[in-house]
Amino acid sequence: MFIWIIIAVLLVYGVLIYNSLVSVLNHVEKSWANIDVLLKQRNDELPKLIDTCKAYMTHEAQTLERVTQARLGIDAARQTQDIAGLAVAEASLQSGLGSLFALAENYPDLKANQTFTTLQQRITALENQIADRREFYNESVNINNVRIAQFPDVIVAKLLNFERKNMLTFSPEALKDIDVSARFNRE
């Protein structure tokens, strides 16, 4: 009889651990979904920004192309939930947008264009929201990774194939400040 009580307690405890791990995993998925929505919104805004800039920036095709390519990379990584690919594409986009906004300073008519100003503000706001959601995602991933490594959760996690998740991080190059003055002094 005593053995059955121990087995029942262990079984109930295992179910509680499982349910807790499922909850943590769902937080990771929810936080990714929040980022996904914002990435989609930003990707929808970028072609409008590029089209607006094309009318004014006749000599800046390389910068516009870099933003376009980064947008495509982000969309592909977003759809496949490729965290590493997203980090690379985000770094490229950040660099391209930084260049684009810096170059816009050389085009007074573009800076005065209401569509450009609105799109620039919208994209900047989305960038800030993505940064906030990335923090939430990384915290959810950290909780998941800690939980599936801690005893006794590790036993249930290994038995039921719970896996570590990758954090969304950016390369050191993506975090560097853009040298705006060098962009203004181009010949």
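The values are calculated or read from the model by the stated rules, or taken from the named source; none is laboratory data. If you're wondering where the values come from, they're calculated on a predicted model, not measured in any experiment. Cβ placement follows ideal geometry from the backbone for every residue including glycine, while neighbour counts extend to all protein chains displayed.
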Checklist line | Looking only at the stretch 39-80, and only at residues there that are surrounded by fewer than 19 Cβ atoms within 10 Å (Cβ to Cβ) and among the polar types (S, T, N, Q), the one that is farthest from the chain's Cα centre (by Cα) | finding: 58
Notebook entry, point to check: Of all residues in the stretch 118-158, which are of a type in the set (A, V, I, L, M, F, W, C) and more than 19 Å from residue 27 (Cα to Cα)?
Noted result: 119, 123, 125, 126, 151, 155
Check: Has the stretch 22-30 got at least one residue that is under 20 Å from residue 169 (Cα atoms), surrounded by fewer than 17 Cβ atoms within 10 Å (Cβ to Cβ), of a type in the set (Lys, Arg) and at pLDDT 85 or above?
Finding: yes
Checklist line | Listing of helices (runs of 4 or more DSSP H) fully contained in the stretch 1-113 that carry 2 or more residues being within 30 Å of residue 161 (Cα to Cα) and of a type in the set (Asp, Glu) | finding: 2-54
Notebook entry, point to check: When the stretch 80-121 is examined, which residues are found to be over 18 Å from residue 134 (Cβ atoms) and free of Cβ contacts under 8 Å to residues at least 12 places away in the same chain?
Noted result: 108, 111, 112, 114, 117, 118, 121
Next item on the list: Kindly check whether there is at least one residue in the stretch 48-61 that is in contact (Cβ under 8 Å) with a residue 40 or more places away in the chain and under 30 Å from residue 141 (Cα atoms).
Entry: no
Next item on the list: Specify the residue that is surrounded by the fewest Cβ atoms within 10 Å (Cβ to Cβ); the eligible residues are those in the stretch 130-154 that are in contact (Cβ under 8 Å) with a residue 12 or more places away in the chain and more than 27 Å from the chain's Cα centre (by Cα).
Entry: 152
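Residues are listed down the side, and each one gets a yes or a no for (1) of a type in the set (S, T, N, Q); (2) over 25 Å from residue 48 (Cα atoms):
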position	(1), (2)
62	yes, no
71	no, no
91	no, no
103	no, no
140	yes, yes
144	yes, yes
165	no, yes
Next item on the list: Would you be able to say whether some residue in the stretch 95-111 is modelled with pLDDT under 85 and acidic (Asp, Glu)?
Entry: yes
